[in-house]
Amino acid sequence: MPKIKVLFIQEKKVKKGAISLSDLIENEVPDTYEFEHVSAKEDIMSKVAGFHPQIVFISNSKAYDIFELVQKIKELDSDIVILAMIYTNFGSEREMMDRLTGMGVYKCYTSQLSVDSLIHDMFVSLNME
């Protein structure tokens with residue numbers, strides 16, 4: 001079975017030697033996912049187009065407009081499942097969640113994200129459970 005492609009969009013590169021969210025997921029469900037990471041705003045859409053992920057996990061940042069990013073990803077491929085981590089310091093959490101889900105984001109997370117629930121949501125979003 002081919003691996004599920006997951007693209008992580010985050011403001012900063014994962015530091016060498018640091019444990020990333022993809023490392024934690026790989027530890028829980030080995031050999032299930034193929035991960036790519038992108039942090040530079042100007043590289044995001046080319047990475048989405050070139051990698052062809054099934055799932056995109058966006059960590060909200062001041063470095064890019066998350067709403068514009070979701071719109072561009074959905075225009076490129078409406079079948080991509082988008083999961084978004086949002087932070088309250090970017091405005092009303094509820095308003096952001098409502099707007100993002102209205103734009104096609106599968107699920108929004110706040111600061112309380114468990115790896116188990118993320119893995120579950122990734123399977124469910126692709127109708128694999």
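Add +1 for every Lys or Arg and -1 for every Asp or Glu among the other residues with Cβ under 12 Å from the Cβ of Ser46, and state the total. Write down the numbers at each step before the final one.
Values: positive: Lys41, Lys47, Lys72; negative: Glu36, Glu42, Asp43.
That works out to 0.
Which percent of the accessible heavy-atom area of the chain goes to carbon and sulfur, probe 1.4 angstrom? Each step should come with its number before you reach the end.
Working: 3580 of 7450 Å².
Here carbon and sulfur together make up 48 percent of the probe-accessible area.
For q values of 0.12, 0.15, 0.22, 0.24 Å⁻¹, compute log₁₀ I(q)/I(0) with the Debye formula on a Cα-only model of the range 1-76, without solvent. Log10 I(q)/I(0), no solvent term: -0.34, -0.52, -1.05, -1.19.
Grab the other residues whose beta carbon is less than 10 angstrom from that of Ser22, score K and R as +1, D and E as -1, and report the net.
Details: positive: none; negative: Asp23, Glu26, Glu34, Glu36.
Every neighbour counted, the sum reads -4.
Shown here are the Rg and Dmax of the Cα trace of the range 52-120, at 11.6, 32 Å.
Between beta-carbons, use under 11 Å as the cut-off and find the net charge around Lys62, counting Lys and Arg +1, Asp and Glu -1. Please report the intermediate quantities before stating the final value.
Details: positive: Lys41; negative: Glu11, Asp65.
My count for the surroundings of Lys62 gives -1.
Could you work out the relative contact order of the chain, using alpha carbon pairs under 8 angstrom and six or more residues apart, expressed as a whole percent? Before the final figure, lay out each step's value.
Values: 166 pairs, mean separation 30.9, N = 129.
With pairs under 8 Å counted, the relative contact order is 24 percent.
Against the chain, whose longest principal axis comes from its Cα atoms, helix 115-125 is set at around 80 degrees. Using only Cα coordinates, the Kirkwood hydrodynamic radius of the chain works out to 15.0 Å. Each of Ser61, Gln71, Ser20 was placed along the dipole of the chain (beta-carbon charges, centred on the mean Cα), and the one lying farthest toward the positive end is Ser61.
The values are calculated or read from the model by the stated rules, or taken from the named source; none is laboratory data. Every value quoted in this text rests on a predicted model; they were computed, and no experiment measured them. No Cβ is skipped: glycine too gets one built from the backbone with ideal geometry, and neighbour counts run over all protein chains shown. Calculation scope for accessible area: heavy atoms of the full protein, side chains included, ligands and nucleic acids excluded. Shrake-Rupley method; radii C 1.70, N 1.55, O 1.52, S 1.80 Å.
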